[in-house]
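To keep things clear, I will list the structure first and then write my remarks on it.
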Amino acid sequence: MAKVVIFDVFGTLVQIRNRRSPYLQLLKLARLQGRRPMPDDALQLMTLDMTLAGAARHFGIKLTDTQLQDLEQRLAEELQSIAVFSDAPEAIDVLKNAGIRVGVCSNLASSYGLSVKRLLPMLDAYTFSYEIGHVKPDPEIYRAACASLGIEAGHWFDSHGRVLMLGDSRQCDRDGPREVGVMGYFLSRAGNGDFNNLLEFAKAVVSDD
């Protein structure tokens, strides 16, 4: 049986019901000011711990008070709309009741971290890209997620333990983890993945002893 299960967050455990895209809007304002988009803009937003105002300063974007208030309102509305998928609490309970430690590994801007922890307080560990400076599918973020749960990546089936991961990205949650010895699986609620829902996955993990 697995000793550790790692979940992706957005699209897997939680969903945003009202997308207001404050960071995308911030970058649009940057373009209006003549700043050309850079290939690593999104990477910087997800690997640096900074507020919207801090991101504006980082990118050299000048915001009026009204513009900043609009962006912060967009962010507040988006955060308020985050909801846990209905199958998530039961799936997590199934795993934890079987003695399996459960954590998350997610690419996200720092503004979202506290909301995730508030909505999912029952988890054993949280690994966020903005805290460790790496994004999926960089191997370092999976290793950090394993370390946060007290286990070493790279052991699928031997006595050192077995680590499984589930998420809604083939690249980030299935293929990337497998490169470092974490058994990744692809979640598709549309029915074309390794698993169709979280409870199906949790029951499969627990029964695989």
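Summed over region 27-43, residues that are within 21 Å of the chain's Cα centre (by Cα) and either assigned to a loop (DSSP other than H, G, I, E, B) or closer than 15 Å to Lys62 by Cβ (or both) total 2.
Checked across region 35-53, the condition of being basic (Lys, Arg), open to solvent by 80 Å² or more (accessible area, probe 1.4 Å) and within 22 Å of Ser129 (Cα to Cα) holds for no residue.
Under the condition of being more than 18 Å from Ala144 (Cα to Cα) and in contact with a Gly (Cβ under 7 Å, 6 or more places away or on another chain), the residues counted in region 164-204 number 3. When region 131-141 is filtered for residues that are over 17 Å from Arg174 (Cα atoms) and either charged (D, E, K, R) or buried (at least 22 other Cβ atoms within 10 Å of the Cβ) (or both), only Glu131 remains.
Scanning region 120-171 for residues that are at pLDDT 95 or above, in a loop (DSSP other than H, G, I, E, B) and small (Gly, Ala, Ser) yields Gly133, Ser169.
A quick yes/no check of all residues on (1) under 30 Å from Arg35 (Cα atoms); (2) free of Cβ contacts under 8 Å to residues at least 12 places away in the same chain; (3) buried (at least 21 other Cβ atoms within 10 Å of the Cβ):
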residue: Gln67; (1), (2), (3): yes, no, no
residue: Leu75; (1), (2), (3): yes, no, yes
residue: Ala83; (1), (2), (3): no, no, no
residue: Arg101; (1), (2), (3): no, no, no
residue: Cys105; (1), (2), (3): no, no, yes
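Scanning region 113-130 for residues that are in contact (Cβ under 8 Å) with a residue 12 or more places away in the chain and either more than 22 Å from Ser86 (Cβ to Cβ) or open to solvent by less than 30 Å² (accessible area, probe 1.4 Å) (or both) gives Gly113, Ser115, Val116, Leu120, Leu123, Ala125, Thr127, Phe128, Ser129, Tyr130.
The values are calculated or read from the model by the stated rules, or taken from the named source; none is laboratory data. Treat the numbers as computed from the prediction; the structure is a model and nothing was measured. Glycine also receives a Cβ, built like all others from the backbone with ideal geometry; neighbour counts cover every protein chain displayed. Heavy atoms of the whole protein, side chains included, go into the accessibility calculation; ligands, DNA and RNA do not. Shrake-Rupley method; radii C 1.70, N 1.55, O 1.52, S 1.80 Å.
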